[in-house]
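The values are calculated or read from the model by the stated rules, or taken from the named source; none is laboratory data. Computed from a prediction, not measured in an experiment: that's the story for all the values here. Cβ sites come from the backbone with ideal geometry, for glycine too, and all protein chains shown count toward neighbours.
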Amino acid sequence: MTLHVAVLYGGFSTERPVSLSSGNACAEALEAEGFRVSKVDVGRDIAQVLKDLAPDVAFNALHGPFGEDGTIQGLLEFLEIPYTHSGVLASALAMNKEKAKIVARAAKIPMAESKLVNRREAGRTHVMPTPYVVKPVAEGSSFGVFIVRADHAHPPQELQSPDWAFGETVMVERYIPGRELTCAVMGDVALEVCEITSNDHAFYDYDAKYAPGGSNHVIPAAIPAAVSRRVQEAALAAHKAMGCRGVSRSDFRYDDLSGELAWLEINTQPGMTGTSLVPDIARAAGHSFGELLAWMVRDASCKR
C-alpha cells in the first residue's frame, strides 16, 4: 500500500517563506521515494482540510509559532493523524528558549549565563556586561537576534521600536566567542558535528541560513575528537531531556582558547531547504535526502 503523506507547510508565522521552501523540497523528495504526496499550505481551516484529505501521515514542514510550538501537534493528536518530529510537550518546551534552558540545566548540559528582561529595558541600557546576545524567547531563524559587542556604547535601539514583532520579553545571554557548531540527532543517534562558517555575516543570521552561498557547512567539524564527543553527548542529552522524537538539531558555541562549550538551543523542526543543515549532516552519515525523509515518515506516530 502506498502511504498518503500530507506535507504541511507555509502557515502564517514569520517563518512562512522558509517553510514554503522546506515543504516544496520535502514534497518533491517524498514523491521520488514513492509516496503519494499532498501539499497543504496551512491556514485557519487546517482541521477541516485534513479531515477531508484523510492522509496516512502528516509530514510537518512548518516553522515558527503554530508549527513547532505544540499547536499543530495538538491538532494532529486530536484528529488522530500520525505525524513527524516531536510531540506536543517537547515542541512547546523547545520553542521557549528559557524553559528549554531550565530543563537542559537540570540535565547538566553546559550553557552560557542568561536572563529574561523586557525588550524596552534591554533597549535602554546594557542589562549585562558586553559582549552579549539579545534574542526573542520564542522565535526561530535568528529573527530579532542582536550581538552587542564590547565597543557598543548603546544596546540595540530596535528593541524600543513600536514595530518590534517578536514579543515583549527577550533573552539576554553572555556572548561566547569562537566556533558555531551544530549536531543533529536522528532517533536516538547523534550524527556528525557540523561547523558553520558564515560568509560576510556577523553571525549565522537569516541570510546566512537560507541564502545560497550564505554559509559553509564543514562536516565533520575540524575540532578535536574529544570536543566532538562532548557536542554529540550534549545534543543527545538535550534531545532526550526535552522528550524529542524523530529528528532534532542542537546548536552550540565553542571557544577554542578557553575550551568552553555552550549549548544554545534545540530545534525540533530543523529546516529542510536546499541549504539546510540537517540534510547535509544526514548525507555525511550516509543518508540521502530522500532516505532521511522516508525514515521520518515511517517513524511518524501519534502520542509522541
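Pick from 246, 213: which is at pLDDT 95 or above and not charged (D, E, K, R)?
It is 246.
Please work out which one of (1) within 25 Å of residue 250 (Cβ to Cβ); (2) part of a loop (DSSP other than H, G, I, E, B) is the condition residue 133 fails and give its number.
Condition not satisfied by residue 133: (2).
Take residue 224 and tell me if it is more than 16 Å from the chain's Cα centre (by Cα) and either among the aromatic types (Phe, Trp, Tyr) or at pLDDT below 95 (or both).
No; evaluated as a whole, the condition is false for this residue.
Tell me, yes or no, whether segment 268-285 has at least one residue that is on the phi > 0 side of the Ramachandran plot and in contact with a helix residue (DSSP H, G or I) (Cβ under 9 Å, 6 or more places away or on another chain).
Scanning segment 268-285 turns up no residue that is on the phi > 0 side of the Ramachandran plot and in contact with a helix residue (DSSP H, G or I) (Cβ under 9 Å, 6 or more places away or on another chain).
Would you check if there is a residue in segment 107-121 being surrounded by 15 or more Cβ atoms within 10 Å (Cβ to Cβ), of a type in the set (A, V, I, L, M, F, W, C) and in a strand (DSSP E or B)?
Looking for residues that are surrounded by 15 or more Cβ atoms within 10 Å (Cβ to Cβ), of a type in the set (A, V, I, L, M, F, W, C) and in a strand (DSSP E or B), one finds at least one in segment 107-121, hence yes.
Output the residues belonging to segment 14-51 that are surrounded by fewer than 18 Cβ atoms within 10 Å (Cβ to Cβ), within 20 Å of residue 275 (Cα to Cα) and either aliphatic (A, V, I, L, M) or in contact with a helix residue (DSSP H, G or I) (Cβ under 9 Å, 6 or more places away or on another chain) (or both).
The answer is 17, 32.
Six or more apart or on different chains, Cβ under 7 Å: which pairs go from a residue in segment 285-304 that's in contact (Cβ under 8 Å) with a residue 40 or more places away in the chain to one that's basic (Lys, Arg)? Could you list them?
304/245
Here are some residues: 64, 43. Which one is at pLDDT below 95, under 23 Å from residue 139 (Cβ atoms) and not in a helix (DSSP H, G or I)?
Details: 43 fails: at pLDDT below 95.
From the options 64, 43, the qualifying one is 64.
Table: residues versus (1) buried (at least 24 other Cβ atoms within 10 Å of the Cβ); (2) within 12 Å of the chain's Cα centre (by Cα); (3) farther than 21 Å from residue 93 by Cβ.
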| site | (1), (2), (3) |
| --- | --- |
| 237 | no, no, no |
| 253 | no, no, yes |
| 259 | no, no, yes |
| 262 | no, no, no |
| 266 | yes, yes, no |
| 272 | yes, yes, yes |
| 283 | no, no, yes |
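Please enumerate the residues belonging to segment 13-29 that are part of a helix (DSSP H, G or I) and of a type in the set (D, E, K, R). Can you show your working first?
Within segment 13-29, the subset part of a helix (DSSP H, G or I) is 16-29.
Matches in segment 13-29: 16, 28.
Just checking, does segment 140-162 include any residue being among the acidic types (Asp, Glu), surrounded by 16 or more Cβ atoms within 10 Å (Cβ to Cβ) and either out of contact with any His (no Cβ under 7 Å at 6 or more places or on another chain) or outside the structural domain of residue 69 (by TED's automatic domain parsing) (or both)?
no
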